[in-house]
1. Can you tell me which residue among 266, 245, 197 is under 30 Å from residue 58 (Cβ atoms) and either modelled with pLDDT under 95 or not assigned by TED's automatic domain parsing to the domain that holds residue 27 (or both)?
2. Is one or more of the residues making up region 298-306 surrounded by fewer than 12 Cβ atoms within 10 Å (Cβ to Cβ), touching a residue at least 40 places away in the same chain (Cβ under 8 Å) and in contact with a strand residue (DSSP E or B) (Cβ under 8 Å, 6 or more places away or on another chain)?
3. If you take the residues in region 112-133 that are out of contact with any helix residue (DSSP H, G or I) (no Cβ under 6 Å at 6 or more places or on another chain) and outside any loop (DSSP other than H, G, I, E, B), which one is surrounded by the fewest Cβ atoms within 10 Å (Cβ to Cβ)?
4. Output the number of the condition that residue 224 fails; it satisfies all remaining conditions of (1) assigned by TED's automatic domain parsing to the domain that holds residue 75; (2) in a loop (DSSP other than H, G, I, E, B).
5. Anything in region 226-259 that is loosely packed, with under 13 Cβ neighbours inside 10 Å and more than 17 Å from residue 212 (Cα to Cα)? List them, or say none.
6. Kindly indicate whether residue 290 is in contact with a strand residue (DSSP E or B) (Cβ under 6 Å, 6 or more places away or on another chain), free of Cβ contacts under 8 Å to residues at least 24 places away in the same chain and outside any helix (DSSP H, G or I).
7. From the list 189, 178, which one is assigned by TED's automatic domain parsing to the domain that holds residue 104 and at pLDDT 95 or above?
């Protein structure tokens with residue numbers, strides 16, 4: 001069961017996603033300015049750096065945005081429909097200083113780094129993502145059944161305009177062709193309305209802003225597992241009911257209004273956030289994790305702690321590791337940690353037990369909307385995995401570097 005809780009406040013809104021009673025994701029919007037991914041800008045190239053095969057582009061934010069050469073040319077796809085990450089082009093041949101570009105933010109600015117941008121624009125809908133400048137049809141790799149992939153690809157190809165591209169999202173599984181065609185038509189219309197406005201936007205300047213938090217939740221997070229949505233304002237409930245009725249989602253009948261000043265307090269959201277900002281995470285059995293984020297990677301250590309088991313050391317170790325695997329997947333989502341992740345599970349002698357723990361970790365990570373990949377055991381017995389960096393971490397959003405110790409601690 002999945003439940004979404006929305007709490008309003010003076011300058012914005014906060015949202016929390018629960019799965020089977022556990023807090024999995026937290027989002028917030030401060031005056032509409034905290035979410036930049038998906039925004040489209042007219043920008044001006046400030047610096048071209050052949051040594052980095054990248055350029056810095058002024059799009060009107062505090063820091064210039066970063067444009068890698070692979071994001072400065074039209075998207076190319078290989079035989080498996082995967083975007084080609086290696087570009088044969090050189091940045092100095094693709095863009096020039098003072099050149100004006102139409103770009104979209106693909107990664108939020110983090111710390112001292114500016115936002116990452118691309119010239120390959122996308123407009124996301126509920127069931128598809130429209131690529132208005134690329135002729136292409138793709139299907140989310142999270143959709144594994146071959147027959148369904150073929151069906152969705154054929155539906156998308158038949159519904160998209162010539163010269164435009166479409167990527168079918170995971171939420172489209174089981175959806176009929178009429179709904180997919182309608183989703184594509186709405187995105188095409190949005191692009192056609194947007195186009196005439198582009199030349200009239202000053203450089204640098206914002207051309208298109210992604211939708212607000214409520215609309216993003218309906219578009220990206222309200223899937224068939226959502227059974228209940230709780231809000232603290234009647235106005236928000238009305239907006240949600242209307243949006244969910246339009247997509248015929250049963251949760252439209254299960255939106256509850258709880259007129260409380262601190263809805264997050266009732267659900268224990270802020271307490272969970274405070275726990276997630278600590279390095280040590282206690283498991284229900286008495287074991288614990290230690291999660292450390294460094295500049296290069298994230299390191300997670302698993303310990304039995306207070307848990308002493310019942311029958312044998314091997315059983316104690318396996319039980320702790322299985323519980324830790326599920327909690328690690330949750331913590332990565334809640335903290336929004338990405339990049340290279342190395343996990344030091346408690347040593348297991350049995351290959352079967354090792355594989356079992358890895359499979360539990362993979363299953364738990366598969367529920368995460370952010371792409372991750374478990375790579376397996378190293379020769380030292382460490383588990384390697386990666387998770388895509390999307391947006392700012394929980395620590396960046398809720399804490400600041402300590403001014404006393406020059407950033408080696410957080411307050």
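1. Values: 266 fails: under 30 Å from residue 58 (Cβ atoms); 245 fails: under 30 Å from residue 58 (Cβ atoms).
None of the others qualify; the one that does is 197.
2. In the first step, residues of region 298-306 are kept if they are surrounded by fewer than 12 Cβ atoms within 10 Å (Cβ to Cβ); the result is 306.
Restricting the remaining residues to those that are touching a residue at least 40 places away in the same chain (Cβ under 8 Å) gives none.
The answer is no; no qualifying residue exists.
3. Taking region 112-133 and keeping what is out of contact with any helix residue (DSSP H, G or I) (no Cβ under 6 Å at 6 or more places or on another chain), we get 112-117, 119-122, 124, 129, 131, 133.
Still in the running and outside any loop (DSSP other than H, G, I, E, B): 113, 116-117, 124, 129, 131.
Numbers: 113: 12, 116: 20, 117: 27, 124: 18, 129: 17, 131: 22.
In this case the residue turns out to be 113.
4. Against the list (1) assigned by TED's automatic domain parsing to the domain that holds residue 75; (2) in a loop (DSSP other than H, G, I, E, B), residue 224 comes up short only on (1).
5. Within region 226-259, the subset loosely packed, with under 13 Cβ neighbours inside 10 Å is 227, 234-235, 242, 245-246, 248, 250, 253, 256, 259.
If the condition is that a residue be loosely packed, with under 13 Cβ neighbours inside 10 Å and more than 17 Å from residue 212 (Cα to Cα), then 227, 234, 245, 246, 248, 250, 253, 256, 259 are the ones that fit.
6. Details: in contact with a strand residue (DSSP E or B) (Cβ under 6 Å, 6 or more places away or on another chain): yes; free of Cβ contacts under 8 Å to residues at least 24 places away in the same chain: yes; outside any helix (DSSP H, G or I): yes.
Answer is yes for this residue.
7. Working: 178 fails: at pLDDT 95 or above.
Result: 189 is the single residue among 189, 178 that is assigned by TED's automatic domain parsing to the domain that holds residue 104 and at pLDDT 95 or above.
For (1) under 24 Å from residue 314 (Cβ atoms); (2) assigned to a loop (DSSP other than H, G, I, E, B), each residue gets a yes or a no:
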site	(1), (2)
348	yes, yes
358	yes, no
362	yes, no
380	yes, yes
389	no, yes
392	no, yes
404	no, yes
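The values are calculated or read from the model by the stated rules, or taken from the named source; none is laboratory data. Just so we're clear, the structure is a prediction, and the values are computed from it rather than from any experiment. All Cβ positions, even for glycine, are placed from backbone atoms using ideal geometry, and neighbour counts span all protein chains on display.
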